[in-house]
Amino acid sequence: MSKAISALFLGFTLLAGSAHAQAPPMKSHHVVFQVNANDPDTMNLTLNNVTNVIDDFRDKHEDLEIDVVAYGPGLNMYRADTSRVADRIKHLADYAYPTRIQFSACNNTKVGMEKKEGHAIELLPDATLVPSGVVHIIELQEKGWSYVKP
């Protein structure tokens, strides 16, 4: 009788281990948001959407990577002297963890603005300069990223 119980216990242990080993991998999501308008309402809508996406996938325990790309007039979102959402960006950068979030700023736009204005432009500390905002979005989409333009 004890051999039968031992065999049954071993069978359940192997079955449980097998089910655990076959668990599906965590879903992973990659989302790029575009901002190309110097409009505080659009910028706030984008940041609201980013927050909602973070919250939804966090609740589902799914992996998430976000890139908010600003170019053209939208670069004002990341300018230290013109951003009306600087505090929200700082808060979101901290809030997002463990979500990986990047705030990409178009260098083409920055160079053009500096030339037109005749002085260097300082970006927010959370902004990451990319060579071209549009090309960056294209490359992310080619890698399978979902695209959102609020």
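Counting beta carbons within 10 Å around each of Met43, Met113, Met77 and listing the fewest first gives the order Met113, Met43, Met77. Once you put a point 7 Å from the Cα of Glu114 and another 7 Å from the Cα of Gln141, both along the Cβ direction, what distance in nm separates them? Between Glu114 and Gln141, the simple spin-label model gives 2.8 nm. Shown for Tyr78, Tyr97: other C-beta atoms within 10 Å of each C-beta, ranked fewest to most, produce the order Tyr97, Tyr78. For the stretch 103-117, putting each phi into the Karplus relation 6.51 cos²θ - 1.76 cosθ + 1.60 with θ = phi - 60° gives couplings of 10, 8, 10, 6, 5, 4, 5, 4, 4, x, 5, 5, 5, 5, 8 Hz, in residue order, rounded to whole numbers and with x for Gly and Pro.
Annotation: the residues Glu114, Glu65, sorted from fewest to most other C-beta atoms within 10 Å of their own C-beta, follow the order Glu114, Glu65. Shown here for the stretch 41-150: trypsin sites (Lys or Arg not before Pro) in loop regions (DSSP other than H, G, I, E, B) with at most 15 other Cβ atoms within 10 Å, namely Lys60, Arg84, Lys143.
Remark: the stretch 84-95, residue by residue, has Karplus-estimated 3J(HN,Hα) of 9, 10, 4, 5, 5, 5, 4, 4, 5, 4, 6, 5 Hz, where x stands for each Gly or Pro and the curve is 6.51 cos²θ - 1.76 cosθ + 1.60 at θ = phi - 60°. Extension gain, Thr82-Asp63: 0.36 nm per intervening residue step, less the Cα-Cα distance, totals 3.6 nm.
With 28 Å as the limit, the listed pairs Lys116/Lys143; Lys27/Lys149; Lys60/Lys110; Lys110/Lys143 have Lys116/Lys143; Lys60/Lys110 beyond it between alpha carbons. Beta bridges assigned by DSSP with both partners in the stretch 26-148 are antiparallel in approximately 5 percent of cases. Which cross-chain or sequence-distant (5 or more) residues have an amide H under 5 Å from the amide H of Thr128, H modelled 1.01 Å from N in plane? Answer set, sorted by chain and number: Phe103, Ser104, Ala105.
Taken together, the values in this text are just the output of simple stated rules run on the coordinates, not laboratory data. Quick caveat, the model's predicted, so the values are computed rather than measured. For neighbour counting, all protein chains shown are included, and Cβ atoms are generated from backbone atoms with ideal geometry for every residue, glycine included.
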